[in-house]
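Participant: Below are the structure tokens for one structure; questions will follow.
The values are calculated or read from the model by the stated rules, or taken from the named source; none is laboratory data. Since this is a predicted model, take the numbers as computed values, not measurements. Here the Cβ is made from the backbone with ideal geometry for all residues, glycine too, and neighbour counts use every protein chain on show.
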Amino acid sequence: MPDAAPKAALSVRKLRKAYKDVVAVDGLDLEVRWGECFGLLGPNGAGKTTTVEICEGLTAADSGDVKVLGMRWNTHSTELRQRLGIQLQETQLSEKLTVVETVRLFRSFFRHGPEAAEVIALVQLGEKRKSRVGSLSGGRNSGWRWLARWWAIRSFCSSMSPPRASIPRPGASFGI
């Protein structure tokens, strides 16, 4: 069972990951407290993506300890997957899907969440609900995807790789 009241939303201790001859992460310690917004910045090759992927449960660490919401991936993966939202650097979803089809798809991955119509109304894309994702403008495409996916699952914690320059807060006016 997860910690009753973990002190940190994310706790990383002595994290290490190597790929053949390259040590990507070497003894990293970090803590993100509840309610904090945290960014992991550094030069190319510093291990940022590897660290985030380990914290997201996408990559296994060679050693160290990672707790997300007081839980470890090796013992609470199902619960963690229901509570986290991850925006990957790239997705291979068909650009032929409509906005509503894409929201329904992401919503189907989780037990709880709002209906597609509620999410689409929230991100102010009602007039584009039947439009193909590939036909949306660049800003509209990336912005709505992140926000709509997040709201479709109402995730506790969201992660994006690489970081985006501007992320609207949930419920903000999304004038696109």
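Participant: In the set ALA5, ALA18, which member is farther than 30 Å from GLU127 by Cβ, surrounded by fewer than 16 Cβ atoms within 10 Å (Cβ to Cβ), among the aliphatic types (A, V, I, L, M) and modelled with pLDDT of 95 or more?
Facilitator: Just a single option satisfies the conditions, and that option is ALA18.
Participant: Does THR98 meet the test of being under 17 Å from the mean Cα position of the chain (by Cα) and surrounded by 13 or more Cβ atoms within 10 Å (Cβ to Cβ)?
Facilitator: No.
Participant: Against the definition (closer than 15 Å to LEU10 by Cβ, in contact with a strand residue (DSSP E or B) (Cβ under 7 Å, 6 or more places away or on another chain) and modelled with pLDDT under 85), how does LEU84 come out, yes or no?
Facilitator: yes
Participant: For GLY57, only one of the following conditions fails: (1) more than 22 Å from LYS7 (Cα to Cα); (2) part of a loop (DSSP other than H, G, I, E, B). What is its number?
Facilitator: The number of the failed condition is (1).
Participant: Then there is this: For residues that are free of Cβ contacts under 8 Å to residues at least 24 places away in the same chain and not in a strand (DSSP E or B), scanning just the stretch 17-34, find the one that is farthest from the chain's Cα centre (by Cα).
Facilitator: Of everything passing the filter in the stretch 17-34, ASP21 is farthest from the chain's Cα centre (by Cα).
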